[in-house]
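Take a look at the structure below.
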């Protein structure tokens with residue numbers, strides 16, 4: 001992918017973020033969302049906007065529907081702000097990578113906790129073995 005699609009993707013992410021933070025979208029279904037990245041096709045015809053949201057599965061579905069309803073508003077605003085001959089189609093997609101990253105971090109935390117427990121158990125066993133030994137008997 002060339003430099004131009006990346007530049008357009010950054011502009012789209014910035015403009016959409018501003019719209020969402022200013023509260024320009026008056027749809028109550030759009031809750032607290034974070035735009036994680038935007039990927040624009042090499043021909044600048046399609047922009048995939050990845051987002052994350054707070055809440056459960058139902059809140060996620062409601063946000064997806066609200067974003068779909070507001071797509072025309074977003075495109076119209078982008079057409080006014082960006083210097084493009086044709087405004088790209090916008091597709092909103094929930095960013096699963098954040099959930100996967102959280103899962104990997106949880107697995108790593110669990111592994112570290114398990115390793116600490118093993119070390120503590122090993123230290124405890126070695127200290128128990130030292131106290132069981134007769135102090136008059138020389139160690140080998």
- Residues 47, 64, 70, 59: which one is in contact with a helix residue (DSSP H, G or I) (Cβ under 6 Å, 6 or more places away or on another chain) and surrounded by 13 or more Cβ atoms within 10 Å (Cβ to Cβ)? 47
- Task: Scan the stretch 21-33 and report the pairs whose first residue is surrounded by 10 or more Cβ atoms within 10 Å (Cβ to Cβ) and whose second residue is in a loop (DSSP other than H, G, I, E, B), with Cβ atoms within less than 6 Å and a gap of 6+ or a chain change.
- Result: 25/70; 27/70; 32/54
- Query: Just checking, which of 84, 35, 19, 44 is in a helix (DSSP H, G or I) and closer than 25 Å to residue 6 by Cβ?
  - Reply: 19
- Failed criterion for residue 108 (all others in (1) free of Cβ contacts under 8 Å to residues at least 40 places away in the same chain; (2) within 26 Å of residue 5 (Cβ to Cβ); (3) within 19 Å of the chain's Cα centre (by Cα) hold): (2)
- Query: So how many residues does the stretch 43-65 have that are without any contact (Cβ under 8 Å) to a residue 40 or more places away in the chain and under 21 Å from the mean Cα position of the chain (by Cα)?
  - Reply: 12
- Message: The conditions are (1) over 16 Å from residue 10 (Cβ atoms); (2) surrounded by 13 or more Cβ atoms within 10 Å (Cβ to Cβ); (3) modelled with pLDDT of 90 or more, and residue 37 fails exactly one of them. Which is it?
- Response: (1)
- Query: Given (1) at pLDDT below 80; (2) farther than 19 Å from residue 9 by Cα; (3) in a helix (DSSP H, G or I), where does residue 112 come up short, assuming only one miss?
  - Reply: (1)
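The values are calculated or read from the model by the stated rules, or taken from the named source; none is laboratory data. Just so it is clear, the structure is predicted and the values come from calculations on it, not from any experiment. Reconstructed Cβ throughout: ideal geometry from the backbone, glycine too, with neighbour counts over all protein chains shown.
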